[in-house]
1. Can you list the residues, at least 5 places off or on another chain, whose amide H is less than 5 Å from the amide H of Ile28, using H built in the peptide plane?
2. Among Phe4, Phe137, which comes first, second and so on when ranked by fewest other beta-carbon atoms within 10 Å?
3. Give me, ordered by chain and number, the residues 5 or more places off Phe5 or on other chains with an amide H under 5 Å from its own placed amide H.
4. Using +1 at the C-beta of Lys and Arg and -1 at the C-beta of Asp and Glu, which of Gly88, Ala45, Pro112 has the Cα lying farthest in the positive direction of the dipole of the chain?
5. Once the other residues with Cβ under 14 Å from the Cβ of Ala12 are scored (Lys, Arg +1; Asp, Glu -1), what is the net sum?
6. Two decimals, Cα atoms only, Kirkwood Rh: what is Rg/Rh over the chain?
7. Quick check: residue separation of Arg58 and Val14 times 0.36 nm, minus the Cα distance between them. What number comes out in nm?
8. Using the alpha-carbon atoms, what tilt in degrees (0 to 90, nearest 10) does helix 116-131 show relative to the longest principal axis of the chain?
Amino acid sequence: MFEFFTDRARHAVVQSQDEAIALGHDFIGTEHLLLGLVGTDQSTAGDVLREQGVELTRAREETVRILEAAGIAATGGQPAKDALSSLGIDVEEIQRQADNNFGPGAFQYPRPAYTPDAKKALEQTLSEAQALGKDRFGTEHILLGMLAAGEGRGLDVLAALEVDADALREAVLARVTGDAS
């Protein structure tokens with residue numbers, strides 16, 4: 001599926017993975033997808049989100065607050081590391097060796113998995129792009145997919161930032177169709 005994404009859209013998805021890792025989460029939710037979109041410069045979704053008042057630092061703070069309120073701890077993948085350690089595998093030594101051989105940050109473990117809500121949003125991306133007559137998926141389609149899926153903490157972050165999801169959808173559609181009305 002990712003082969004159909006534009007370079008900016010792929011960058012946003014990678015950025016969402018990086019956000020999840022940086023926040024110590026061993027999953028990628030719609031909240032991380034939102035952070036990836038906001039953090040992608042010169043992209044339709046990023047531009048529209050910023051125009052709607054979504055700022056990366058504040059969105060990140062709201063993500064942390066919402067997850068903590070839901071009782072979701074930032075574990076940094078420690079349970080998986082502990083399981084491997086019980087088998088005699090030193091993940092930190094593997095990380096050091098990879099950093100030495102391939103450069104800092106070359107090895108991240110565990111790789112965060114997508115939540116069901118994030119998967120649904122990414123699947124909805126396809127429908128949104130097709131509805132607009134596109135065969136490649138841009139950041140705008142990811143955002144539209146997230147909004148159309150109607151579920152996930154990314155929508156909670158938007159609500160906490162006082163962004164109306166319907167107005168955001170209209171703004172994205174106006175941008176991509178050239179309809180400024």
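Read-outs: derived from the displayed coordinates by stated rules, not from any lab. Fair warning: this is a prediction, and the values are worked out from it, not measured in the lab. Heads up, the Cβs are rebuilt from the backbone with ideal geometry, glycines too, and the neighbour counts pull from every protein chain shown.
1. Long-range HN contacts for Ile28: Ala113, Tyr114, Thr115.
2. Details: Phe4 15, Phe137 25.
Exposure proxy ranking, most exposed first: Phe4, Phe137.
3. Placed amide hydrogens put Phe137 under 5 Å from Phe5.
4. Gly88
5. Working: positive: Arg8, Arg10, Arg50, Arg136; negative: Asp7, Asp18, Glu19, Glu31, Asp41, Asp47, Glu140.
It works out to a net charge of -3.
6. Numbers: Rg = 17.4 Å, Rh = 17.1 Å.
Dividing the radius of gyration by the Kirkwood radius yields 1.02.
7. Details: separation 44, 0.36 × 44 = 15.84 nm, distance 1.99 nm.
Result: 13.8 nm gained on full extension.
8. The answer is roughly 40 degrees.
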